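All remarks here apply to the structure that follows.
The values are calculated or read from the model by the stated rules, or taken from the named source; none is laboratory data. Since the model is a prediction, treat every value here as computed from it, not as a measurement. Here Cβ is always computed from backbone atoms with ideal geometry, including for glycine, and neighbour counts include all displayed protein chains. In case anyone asks, the SASA skips ligands and DNA or RNA and just uses the protein heavy atoms, side chains included. Shrake-Rupley method; radii C 1.70, N 1.55, O 1.52, S 1.80 Å.
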Amino acid sequence: MSAQADRLVRKSLALLKRYGEEATLTRRTVGVYDVATSAPSVAVATYPVTVQVQADSGQDREGDSLAKGSTVRAARRKLLVAAGGLAVVPAPGDEVGPLEGRTWTVLATDPPVQLGGTPILYTLRVAST
C-alpha cells in the first residue's frame, strides 16, 4: 500500500466515524446438506463496519428510473462503507444493520473507490428486509 493510499484509508475511516454510524456486516455461507436436520449447514460471520446512509435516487445503473412525479423508493438506500480494517469485500446477499431500525440486504456493490489498487471506500446498494 502506498503512503498516499494509506493516508486516504485512514482519512475516510475517520470521516465516516465522525459523520456516520457503526453497524455490523453479516455474511451467511451455506454449507453441505445435513441429513440429520434435513437442512444445509449455515456458517455466520459478522464484521464491524462504519457506514454513512444515503438516500437512493431510484435510478439504477441499468437505467431503470422512477417515472416523473413519483417518489423515491423508501426501502432502498446507498451505504458508504470504509474499506479500512474490513476483512471482507461486501457482496450481494450480505446484510448490514441495524441502521434506521432495520436490517438491510446488499443488492449490489459498486466498484470501490481506490488508489493504486487499494480500496478506500465501498458503495453498497441495499434494500430493507
Query raised in the report: Looking only at region 117-129, which residues are modelled with pLDDT under 90 and buried (at least 16 other Cβ atoms within 10 Å of the Cβ)?
Result: Thr118, Pro119, Ile120, Ser128
**Report entry** Criterion: open to solvent by 40 Å² or more (accessible area, probe 1.4 Å), at pLDDT 90 or above and either β-branched (Val, Ile, Thr) or not in a strand (DSSP E or B) (or both) - qualifying residue of Gly69, Gly93, Gly85, Gly63
**Finding:** Gly93
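Condition (residue is of a type in the set (Phe, Trp, Tyr) and modelled with pLDDT under 90) applied to region 37-55: is it met by at least one residue? Break it down stepwise before answering.
Going through region 37-55, the residues of a type in the set (Phe, Trp, Tyr) turn out to be 47.
Now drop any that are not modelled with pLDDT under 90, which leaves none.
So far as region 37-55 goes, no, none of its residues is of a type in the set (Phe, Trp, Tyr) and modelled with pLDDT under 90.
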Query raised in the report: Which of (1) at pLDDT 90 or above; (2) over 19 Å from Val53 (Cβ atoms); (3) open to solvent by 60 Å² or more (accessible area, probe 1.4 Å) is the odd one out, the single condition Gln114 does not satisfy?
Result: (1)
Requested in this report: Output the residue which, of all residues in region 26-46 that are touching an Asp or Glu at 6+ places or on another chain (Cβ under 9 Å) and within 29 Å of Val9 (Cα to Cα), is surrounded by the fewest Cβ atoms within 10 Å (Cβ to Cβ).
Outcome: Arg28
Query - Total residues in region 1-37, condition more than 20 Å from Arg125 (Cα to Cα) and in a loop (DSSP other than H, G, I, E, B) - result: 5
Query raised in the report: Out of curiosity, is Thr105 out of contact with any helix residue (DSSP H, G or I) (no Cβ under 9 Å at 6 or more places or on another chain), open to solvent by less than 80 Å² (accessible area, probe 1.4 Å) and either assigned to a strand (DSSP E or B) or modelled with pLDDT under 90 (or both)?
Result: yes
Query raised in the report: Being modelled with pLDDT under 80 and surrounded by 12 or more Cβ atoms within 10 Å (Cβ to Cβ), is that true of even one residue in region 7-25?
Result: yes
